[in-house]
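Everything below concerns the one structure shown next.
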Amino acid sequence: MSLAFCGNENNSLAYNVDRGVLNNGCFLDALNVVPHIFLLFITFPILFIGWGSQSSKVHIHHSTWLHFPGHNLRWLLTFILLFVLVCEIAEGIVSDGFTQSLHLHLYMPAGLAFMAGITSIIYYHNIETSNFPKLLLALLFYWVLAFLMKTIKFAKYTEHSVGLRQLRYCITGLLALLYGLLLAVEINVILGRRYLCFTEATEVKPPEDLQDLGVRFLQPFVNLLSKATYWWMNTFITAAHCRPIDLKVIGKLPIAMRALTNYLKLRKAFESQRVKVGPKWIWRALRQAFGRPLIISITFRFLADLLGFAGPLCISGIVHHISKDNRTIQPPLLGVYFISSQEFLANAYVLAVLLFFALILQRTFLQASYYVAIETGINLRGAIQTKIYNKIMRLCTSNMSMGELTVGQICNLVAIDTNQLMWFFFLCPNLWAMPVQIIVGVILLYYLLGISALIGATVIAVLAPVQYFVATKLSQAQKSTLEYSSERLKKTNELLRGIKLLKLYAWEHIFCHSVEETRDKELTSLQTFALYTSISIFMNAAIPIAAVLTTFVVHVHISEEADLSPAVAFASLSLFHILVTPLFLLSSVVRSTVKALVSAQKLSEFFSSDEIGDEQEPNATMPTGPSNHKTIPSCPRNHNNKYQAVVSTQLSHNVLRTLCFLELITSGYFTWTDGTPTLSNINSKVPFGQLTMIVGQVGCGKSSLLLAALGEMQRVSGTVTWNISDKQRGDNLEVRVKRGSVAYASQKPWLLNATLVENITFEMPMIKPRYKAVIEACSLQPDIDILPQGDLTEIGERGIILSGGQRQRIGVARALYQQTNVVLLDDPFSALDIHLSDHLMQEGICKLLREEKRTVVLVTHKLQYLPHADWIIAMKDGTIQTEGTLKDIQNSDPKLFEQWKTLMHRQDGEFEKSMTVLERKNLRRAMYSKEAAKTEEEHEEESVESEVDDSLSQAMRHRTTIPWRSCGVYLSSAGLLLPLLLLSQLFKHTLMVAIDYWLAHWTSHVITAKMDATGRNCTVAQECGFSHSWYLSVFSVLCCLGIVLCLVTSVAVEWTGLRVAKELHHNLLSKIILAPMRLFETTPLGNILNRFSSDTNTIDQHIPATLECLSRSTLLCVSALGVISYVTPVFLIALVPLAIACYFIQKYFRVASRDLQQLEDSTQLPLLSHFSETVEGLTTIRAFRYESRFRQRLLEYTDANNIASLFLTAANRWLEVRMEYVGACVVLIAAVASISNSLYNHLSTGLVGLGLTYALMVSNYLNWMVRNLADMEVQLGSVKRINGLLKTEPENYEGLMAASQVPDGWPRQGEIQIQNLSVRYDTTLKPVLKQVNAHISPGQKVGICGRTGSGKSSFSLAFFRMVDMFEGRIIIDDIDIAKLPLQTLRSRFSIILQDPILFSGTIRFNLDPEMKATDDMLWEALEIAQLKPVVKTLPGGLDAMVTEGGENFSQGQRQLFCLARAFVRKSSILIMDEATASIDMATESILQKVVMTAFADRTVVTIAHRVHTILNADLVIVMKRGIILEYDRPQALLEKEDSVFAAFVKADK
């Protein structure tokens, strides 16, 4: 067939120009080529040669500055133009099919126009981002020419009676309109930017965001194409492959998305709605603030859902038209052929292309809808969190202290309720789109299948409530699982905290069994969870099969002439798949809506709770009045039940210097709740620049008085003023201004999760001399020296690593460091020993603060400091008993003064031991284990680095590979369930394909039968011997089998998950219990606990669901590709490039997704801890007037979390758009290949329908496959971490002797021989005991002493084989302990450790977990430990409960319980490892007495913390650096002049 522009048929009308050139169709088309050629010739050199000088280009960070007017409209019109041009090309090709030779003029101009259209938008984009408006002249000429040419062509068509029936007429008209609109847009740019015909061009500046180099989230700024395809994310996602993503990489949020911007928007909406009551006003405010983007999202969703129906309709059209010949020749007009829209759409290839475009558009709109909804949800979350925070800052403290609002409740509001509202916004578009989807789906099904479609739809509708019921049951099961998990974690935590004691007493198996019991309960609950999950999965898979089966059975039985052609069958199949989706979503959307309503209710209650003052504070005013006073805030009640405060600032030093008193309160009545006032009739004065002390008994209202002055209490009546008068009170000057910062140290110290230095300076600039003076005054230097990074050490949330006294001193140091005029100290000595208290009083308060002439108010119980006070306020039962100087009180209330005097001069009779030494020792220990863990990690890292030759690329490669080994560990734990799982999945998907293949086979035969019937003149196919019943019965059997297999696979997946969860937890617990002590000393407890909490939870609940989803989507994709390849083998060629594209997309996405998920999680923690910190330190923050600084920090944390979430969302959309486009290409290739195959190789229409239905499925499941792969990779990290712990080498529990060979009462005498003993903690470490020899006779009391690190504790641990005894031996009662089984050895000794450890449970359980002792034995042990009277008074006696860690007993009592526990065991050897270090002198003397009497006949080895405790011992061993330095009776050693022991004793006195 020859090629010519106008065709080359003989007597061709195409070249006929008798009636004028313009009346020739071919010439008109040639004329239309001119503008496009013009544009291509003009723009290509400019595009490819470059721009020359770019001096006019504005220097900004990104080339995304889109600033020409009508920018988005231009892109939109260009997209529409390109689509219409594709239709024009297709129309030309189809109409050319009716002639013998090829007429290039029918589609070549359209092809050139398409190229010109693409060039125009690329050209425009480059000009816009480079800011060269004058170069747009080329486009202006192009639009004018194109518009003129199309208008001439359109006019000529109209003249020659070509009308709306001809498709080319409509296309030409549409193109003329589009070119006209684009011309209008171009003229608008000239008018807007004035670059032509105006003397001065308009000056424009790039937006602030684009000038900021830190803003890297570009979604709001890029052009429409980049917005729709997330093209701007390409560089970001590929870069993640080379370096991990962190907060620096993702930069800052654009201004419009920041929490502050959204908060202001929300506050405005709240204020306009605030008049209304109830939770509805919250919804109205949210709608007002964030409604618009949500409407856009819903619109996108509607468009996507409507385009989704193009799939089934196009399949129906394609299959229908393949089986018919649609050629009808019409006479030519203007020398060319015209076709109608009907003929155009009757072409299967055209439908394939339209289906491709519909899919592309549908997926783009769907992802745009998701993105907008999620972005709105994230913005809303940030705004509400900021709103909650601002509310917290104004909460009345009484709400907190009376338990109306707890820290937990507020944290739940932030962590849970704001997320519930966010999720509701995510799912909101579904709420509106689902009804439309269902209605349109049912209408189309009815159109295809008639009444039987309604029956099928009813099946789905009836089963939807069942779905909802299952979803409800699932959440209930999850709740009960959570309760058991918490209980198991509590027990595991206790087990890990007390692991040393459990090992020493050989009780690990008892506690292990207790954890296992709770785990069994948890697993039972998990079984219920798994059951309902599998029902849910089963229903998701089975409902479509059941619906299709019911529909076809009814359809065939209802009418004799039922049309069950492939076109109808496969279109219905696709429609059912579409219809099932909204019904599955229904349950989760309904649940999310209910939760959001509850959350809104909670937020409404929280926002309407009482507060101090309004958000705006009054401005400073200085009117004249009868007296000078300065107001301090309080919480007065007004009729709205709000608390308003008149807030005041610090007066200048000079004004105050002349005044005597700051009179704080006059006739004040204050309360925490609405009941009786806590403080009544308060009249108090505080002298300026002097030390005021507030004293009184516990609970008399001392702290309340301070808080009342700070305005933290509700004021019932009276005034809180600072009445400042000079001596004559002559001047009348009222000064009412805002109160400034007051340095306040609360009774319960409040610390930030920051470094120690940040806690002390507290946002103030660092002044070195002042800082040093404060550190010295608070005696913090020795503590700082212990910390690994000194004062730059992070001290953890709420100061976890520090003791009470250390925390308190830091709190006081903060108050001293601030340079405020007023300092309030609330009982700063409560947790300090006598030496520290004296030092702080002398150096800190009397020296540092007095020298600076600061007003100090000190609440204290230490009456010995009263002589230092300039003014004393004595309180009793919530009122002021008396006030004045010490002399005044001596005169006015001598009785009280006498009472004080005895207390002031009473020398502490009982020696108050220094808690500080112990605190520092504990801190040193904590730091040691931390450091050990750290160095070990560093060693590991170093070794890893050396192995990989320090190559970063290797590490990066490691990040990109899937953890197959972890996957293997997970699946291998499933045991015999694994083959069942694999086989059931394979059978199920094979059967699914078989069902659809049979449908194709059946429907093809229906068409053949119809043709036969027409040939044989039968009225219906049945008369010619065709029967549906055989096909239908096979179809029914296959469907029923499919439903059964769906059930089997869903159960198999969940049961496999359960089996693995059970197996892994059991193995982990067994390993941990038997692990050597070294593991617990070098691994932070939190790390091990995380394996039992978050990692176990992931394995329990998340991996099975992800595994199911992953296997289903992968097998569906594989089976779909298999079916398409079977139908059209040509497809395999096209599959290769598509597979390569998919591989790279998923490879890059997985790495970025994992990093972003981790970043989102890690940015959430500081945000939540900032909330809890603020709630706990509210009084301090408000006293310091630091609200704005803390608000600023919150905004930073919120923005960091939100930008991580936004990038994660954008990355997910990036993946999905690309995978959907690959899916659309699969559909296009499969459609074109199967149409060609059918037309030329007579492929059955049924198989064409089958291939297309499966191709549509690929596009649905491709991105699910990659998303699940990414999730699976993250979740397998849990398996990897647990597997890491499973590799721990256990202690050697076996011995050379069997347990039965050890004599029953061994050791009876308690004789100990130590021969050449050398001990180390690990084979890699140096020995801690070297060549030690000793002999201890039966019943001897031996004391071991030495400095820290001399090997005392290692000596005691050697008896229990807790350390590696690599040389020498210990022989006890003639048996070498190395030969004994470990369990037996440890069960025969008793030990009392330095830290008393009690477990939650009964007292009986704590004394005797093995339940071997009788009640009499237990009471005897308690009596010996002097605890019998204490336990007798408790409800339940021996069965009284001990709380976690024994918190309901004092430190001393806990130590005595440990003594009783050791006595119950009645072993002949007792070891006391610094057992008296953490108890007071009184308890210690009891202990010593007991040891001497009750343990008189037993061998006792005491490791001494204070040397005087071993002066009565029979033998003393002094150790130094792992060797024995002195070994003798204490008297003998004391008599020696150069004895180290004697030196110790002297130092201890």
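If you filter the range 1255-1307 for trypsin sites (Lys or Arg not before Pro), then keep DSSP loop positions with at most 14 other Cβ within 10 Å, what is left?
Sites meeting the loop and neighbour criteria: Lys1287.
Would you tell me the accessible area of Leu148, worked out with a 1.4 angstrom probe on the heavy atoms of the protein chains, in Å² to the nearest 10?
For Leu148, solvent-accessible area is about 90 Å².
Kirkwood Rh, Cα Rg: Rg to Rh for the range 1167-1228?
1.43
Provide the packing ranking of 448-460, 478-490, i.e. peptides ordered by the mean count of other C-beta atoms within 10 Å per residue, highest first.
448-460, 478-490
How much net charge surrounds Val372 when only the other residues with a Cβ under 13 Å from the Cβ of Val372 are counted, with Lys and Arg +1 and Asp and Glu -1?
+3
At a Förster radius of 60 Å, what calculated FRET efficiency corresponds to the Cβ-Cβ distance of His513 and Arg287, to the nearest 0.05?
Efficiency for this residue pair is about 0.60.
Which one, Gly1284, Phe1171, Leu1247, is farthest towards the positive end of the dipole of the range 1164-1295 when Lys and Arg carry +1 and Asp and Glu -1 on their Cβ?
Phe1171
Label Thr666 and Ala256 with points 7 Å out from Cα along Cα→Cβ: what is the distance between them in nm?
Going from the Thr666 label point to the Ala256 one covers 5.7 nm.
Hey, which of these cross-link pairs are over 24 Å Cα-Cα: Lys280/Lys391; Lys134/Lys205; Lys1330/Lys1352; Lys500/Lys1326; Lys491/Lys1326?
Table pairs above 24 Å Cα-Cα are Lys491/Lys1326.
Would you work out which of Ser1354, Thr1414, His1335 lies farthest towards the positive end of the dipole of the range 1328-1434, given +1 charges on the beta-carbon of Lys and Arg and -1 on that of Asp and Glu, about the Cα centre?
About the Cα centre, the residue reaching furthest to the positive side is Ser1354.
Please work out how much accessible surface Val1118 shows to a 1.4 Å probe, ignoring ligands, DNA and RNA, in Å² rounded to 10.
90
When the chain is fully extended, how far beyond the present Cα-Cα distance does Ser1485 get from Met1011, taking 0.36 nm per residue of separation?
Value of the extension gain: 159.7 nm.
Taking R0 as 45 Å, what FRET efficiency do you get between Ser1162 and Phe141 from their Cβ-Cβ distance, rounded to the nearest 0.05?
Calculated value: 0.20.
Using a 1.4 angstrom probe and counting only protein chains, how large is the accessible area of Trp432 in Å², to 10?
Estimated to the nearest 10 Å², Trp432 gives 140 Å².
For the range 1288-1305, what does the Karplus curve 6.51 cos²θ - 1.76 cosθ + 1.60, with θ = phi - 60°, yield as ³J(HN,Hα) per residue in whole Hz, taken in order and with x for Gly and Pro?
4, 6, x, 5, 7, 7, 7, x, 5, 9, 7, 4, 5, 7, 7, x, 4, x
How would Val1430, Val1507 line up by accessible area, probe 1.4 Å, largest first?
In descending accessible area the options line up as Val1430, Val1507.
Measuring from label point to label point, each 7 Å out along Cα→Cβ, what is the Glu763 to Thr1414 span in nm?
Rounded to a tenth, the inter-label distance reads 6.7 nm.
Once the other residues with Cβ under 14 Å from the Cβ of Lys895 are scored (Lys, Arg +1; Asp, Glu -1), what is the net sum?
0
Measuring from label point to label point, each 7 Å out along Cα→Cβ, what is the Leu47 to Ile1371 span in nm?
9.7
Ordering Val969, Val1248 by accessible area with a probe of 1.4 Å, largest first, what comes out?
Val969, Val1248
Under 9 Å from the Cβ of Ala600, count the other residues' Cβ atoms, weight Lys and Arg +1, Asp and Glu -1, and hand me the total.
Around Ala600, the surrounding residues sum to +1.
Can you flag which of Lys901/Lys1546; Lys387/Lys595; Lys473/Lys595 are past 27 Å Cα-Cα?
Lys901/Lys1546
Sort Leu501, Leu586 by accessible area with a 1.4 Å probe, largest first.
Largest to smallest exposure gives the sequence Leu586, Leu501.
Suppose every Lys and Arg Cβ carries +1 and every Asp and Glu Cβ carries -1, with no other charges. What dipole size does the range 366-485 come out with about its Cα centre, to the nearest 20 debye?
My answer is approximately 160 debye.
The values are calculated or read from the model by the stated rules, or taken from the named source; none is laboratory data. Being a predicted model, the structure only gives us computed values, none of them experimental. Reconstructed Cβ throughout: ideal geometry from the backbone, glycine too, with neighbour counts over all protein chains shown. We work out accessible area using only protein heavy atoms, side chains counted, and drop any ligands, DNA or RNA first. Shrake-Rupley method; radii C 1.70, N 1.55, O 1.52, S 1.80 Å.
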